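Structure first, commentary second.
Nothing in this text is a laboratory measurement; each read-out follows from the coordinates by a stated rule. Please read all numbers here as calculations on a predicted model, not as lab measurements. Here the Cβ is made from the backbone with ideal geometry for all residues, glycine too, and neighbour counts use every protein chain on show.
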Ligand SMILES: *Cc1c(COP(=O)(O)O)cnc(C)c1O
Ligand SMILES: [Zn+2]
């Protein structure tokens, strides 16, 4: 399938070659690939059902003419996972996670790496240079190893040692640069220039942007399978989300994803562009800051101050201006989050959804939480968050001190082993945990509250689905805390409260009311002075709730 490359500045169209990195007419490095969309729109629908669900199923829309079968590690085709618990917590039931951790090098950079290495191999290139905050170098190293390409990886000294060693393990030359990422990039570019080697231009490389489109293609196909196609009668086939959220450094991901959705829309396969929400770490957020100031060009951050090294692009250059226009055009927004918010989000994601991502990916989730709370993302919106990331080098920041319990079994041989074991186990888990009773008629709510509480410590958690049995359980158990729903059939929460307060045995037990609906002033006054705290469902992430539980149960 023929395609060409158009200059974004002078609109000149040239044939594609991965090593020609500039417009032959005006020398601009900002260009984009163009395909024969009319023909592809006709042939691709009948080809797709016969192809495996990986990145190569969209090969007519990729800049590699002859995919090299033995290069593949099974890249692309990552699952789209419904985040039921997180969605319930946030009050956004249509929340999906594009799990890019499941790619062969555990970040979405493997898409970029395989397309770039395939294109370079096709062009006969055998030695290349990349600058990286870690994941690009890992992904490129893996594919370079398969392709027999020699790779020079310039990484900043802040990149975690485990990542550097993995780069070296693939046989790449690791160059550790004690400087900012932007400086490391300049150094790598100069090194490549002096030696006449190919230097990867990140967001300016055709292969980078083109590879990221496949995320948009996959999401659309997956959402259509999970949620169903949009209205059938206008002939549309695929469903696009309302939001695409991603943590960014240089912004290449969302730029490519934008182009992917744009092409789908152009071919009439989706009916809307999702709003883009690129999220940065507060300590290195040149794009967010510039966006909030209304600037068309980015003000660079010279000294990044964040532990999240993966996202440390301080000078985005023109990528900001391009991404800004895309964010604007889609009704999206840039946002930043602190390292602390990020670690909290990382912990919540792991505990609520069983997904452990690197801090850089958690930045996207912290951004999601912020945008939902600000009312920018609405409860009915279909949301997709890109979850990617290689390792967890930041565990200590997230877990605090007491993250493990130790068991030492006695070695004295005369003692029966069971006795020592039992004694040791008693130390691990004391018999009497503080207890909490949840009275709520919704099984989903009870499950959610239980999870949140379990994530906060060792409680004995008991639940009942109605007021009558709740009251009986409370009188029998005399718990340390009650979490009470108001709207329940038969005996509602107000009646339960009346009974509790009338009984001296239960009158002093603290009560947190969890309500699915906004209360009327009259209802609020009925609760006044009788409960410790009122909580809206969908607002469970509110740290005040967890603080409240901790303080009430002390
Ligand atoms: C590269 C990377 C990012 C940022 O990607 P860009 O789209 O290039 O800004 C975010 N998270 C992780 C884990 C990454 O590896
Ligand atoms: Zn040009």
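Rounded to the nearest 10 degrees, the angle from helix 443-454 to the longest Cα principal axis of the chain is 90 degrees. Note the angle between two axes, namely the Cα long axis of helix 181-195 and the longest principal axis of the Cα atoms of the chain, as a number of degrees from 0 to 90, rounded to the nearest 10. Tilt relative to the chain: about 20 degrees. For the pair residue 65 and residue 340, a Förster radius of 56 Å applied to the C-beta separation gives a FRET efficiency near 0.70, rounded to the nearest 0.05. Between residue 468 and residue 501, the FRET efficiency from the beta-carbon distance, with R0 = 22 Å, is close to 0.85. Sorting 26, 387, 284 from the fewest to the most surrounding beta carbons within 10 angstrom yields 26, 284, 387.
What the Cα atoms of region 236-347 give is an Rg and a Dmax of 14.6, 47 Å. Of the peptides 2-13, 146-157, the order by per-residue mean of other Cβ atoms within 10 Å, starting with the highest, comes out as 146-157, 2-13. Against the empirical curve 2.2 N^0.38 Å, the C-alpha radius of gyration of region 429-552 lands at a ratio of 0.98. Taking other Cβ atoms within 10 Å as a rough exposure proxy, 498, 440 sort from fewest to most as 498, 440. Round to the nearest 10 and give me the degree value, 0 to 90, for the angle of helix 135-147's Cα axis relative to the longest principal axis of the chain. Tilt relative to the chain: about 50 degrees.
Could you give the length gained on full extension between residue 329 and residue 444, defined as 0.36 nm per residue of separation minus the Cα-Cα distance, in nm? Write out the running numbers ahead of the final one.
Values: separation 115, 0.36 × 115 = 41.40 nm, distance 3.74 nm.
Value of the extension gain: 37.7 nm.
Computed from label points 7 Å out along Cα-Cβ, the spacing between residue 525 and residue 351 is 3.8 nm.
Put the Cα centre of region 1-24 next to the Cα centre of region 494-530 and the gap is 69 Å. Length gained on full extension, residue 73 to residue 536: 162.1 nm, using 0.36 nm per residue less the C-alpha separation. Packing here is the average count of other Cβ atoms within 10 Å per residue, and on that basis the peptides 209-218, 59-68, highest first, run 209-218, 59-68.
Its relative contact order, with pairs defined as Cα atoms under 8 Å and 6+ residues apart, puts the chain at 11 percent.
Estimate the FRET efficiency between residue 168 and residue 43 by the formula 1/(1 + (r/R0)^6), using the beta-carbon distance for r and 41 Å for R0, to the nearest 0.05.
Values: r = 44 Å, r/R0 = 1.07.
Efficiency at R0 = 41 Å is approximately 0.40.
Each label was represented as a point 7 Å from its Cα along the Cα-to-Cβ direction; for residue 21 and residue 547 these points are 5.0 nm apart. A simple packing score, the average count of other Cβ atoms within 10 Å per residue, orders the peptides 347-358, 192-203, 125-136 as 125-136, 347-358, 192-203, with the highest score first.
Can you check how the C-alpha radius of gyration of the chain compares to 2.2 N^0.38 Å, as a plain ratio?
Working: Rg = 27.1 Å, N = 554, 2.2 N^0.38 = 24.3 Å.
Compared with the compact-globule rule of thumb, the chain sits at 1.12.
Can you bin region 98-137 into rounded, prolate or oblate? Criterion: square roots of the alpha carbon gyration tensor eigenvalues sorted a ≥ b ≥ c, rounded for a/c under 1.5, prolate for a/b above b/c, oblate for the rest. Spell out each step's value before the answer.
Working: a/c = 3.67, a/b = 1.68, b/c = 2.19.
Oblate is the answer for region 98-137, as a/c is 1.5 or above yet b/c matches or exceeds a/b.
A simple spin-label model places pseudo-atoms 7 Å from Cα toward Cβ; at residue 492 and residue 321 they are separated by 6.0 nm. Once C-alpha pairs closer than 8 Å and six or more residues apart are averaged by separation and normalised to the residue number of region 429-552, the relative contact order reads 22 percent.
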